[in-house]
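Note sheet for the following structure.
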Amino acid sequence: MLAKGMRIMTASLVTPGSIIAQEGEHEQGEGTALANGNIVSTVVGYVSVENGAISVSASKSIVEPAIGDTVLCEVVKLNEKNGEAMILCVEGKPGSLQPQHLYGQFFVTGLVDRFMHQTSDAMRRRDVCRAVIKEVEPVVRLDFRERDDCGVLHAICPPCGSDLHAELDGDWNVKCSNCGYQSYRALADNFGAGWAELDQGASALNNSGKRWGAAAEAMFAKGPAGRATFIAADVREDGRERTYFR
């Protein structure tokens, strides 16, 4: 017979949804939930029983993001006026995110201090960014505009896949050295520089508060066709001038 207060631990790793006991056999502890008369695990970890309560100790700490936290994220979805990014980590808080905090949403007005026609004019899918959390309920809301260290940190060229580098040329602030592609990104200070300390960050190339020039407005006026990505190896790339349809 077990002594009162004795702690029992198992060596088996359980995953969310695993049945670890029947309701009534033990009291429900941390890392568990009731489902259809069973006590199930809500985290990945190890089962333990102490003082009659069964719990699951997470194998990796769970991170609870809070308003004001800084996150690294990857853009996964872009609509006309909003988008979604997968949160990779919360800076300064090692551990795993819960499912409801894995993705953050943002609006086109929260990208950069400049009028943007669409979110895809300042970001593209697969861009790696830094952002600030503005809300955590009912969904995580991200903002890239408030701080110079927030924005795009790494981007690849849509036509050829090479890394883009910061280079200001009129309205465009990124360029591909492989195929010559030019575009605009809402750059963070450390774009393409990792954790290096810079005298002047790349966010200075965002031209905050300025109006768009004639070349950019002409491209925006073409609508979706003007924003289309043409693969560099496409057979249509034979030197003929492209025509766009509105």
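The values are calculated or read from the model by the stated rules, or taken from the named source; none is laboratory data. If you're wondering where the values come from, they're calculated on a predicted model, not measured in any experiment. Backbone-built Cβ (ideal geometry, glycine too); neighbour counts: all protein chains shown.
At a glance:
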item	result
The listed residue being of a type in the set (A, V, I, L, M, F, W, C), surrounded by 17 or more Cβ atoms within 10 Å (Cβ to Cβ), in contact with a Lys or Arg (Cβ under 9 Å, 6 or more places away or on another chain) and part of a loop (DSSP other than H, G, I, E, B), out of V71, V49, V43, V75	V43
Every residue from region 190-199 that is farther than 15 Å from V75 by Cβ and either outside the structural domain of Q118 (by TED's automatic domain parsing) or surrounded by 20 or more Cβ atoms within 10 Å (Cβ to Cβ) (or both)	N190
Residue within region 116-131 that is modelled with pLDDT of 90 or more and over 21 Å from L205 (Cβ atoms) present	yes
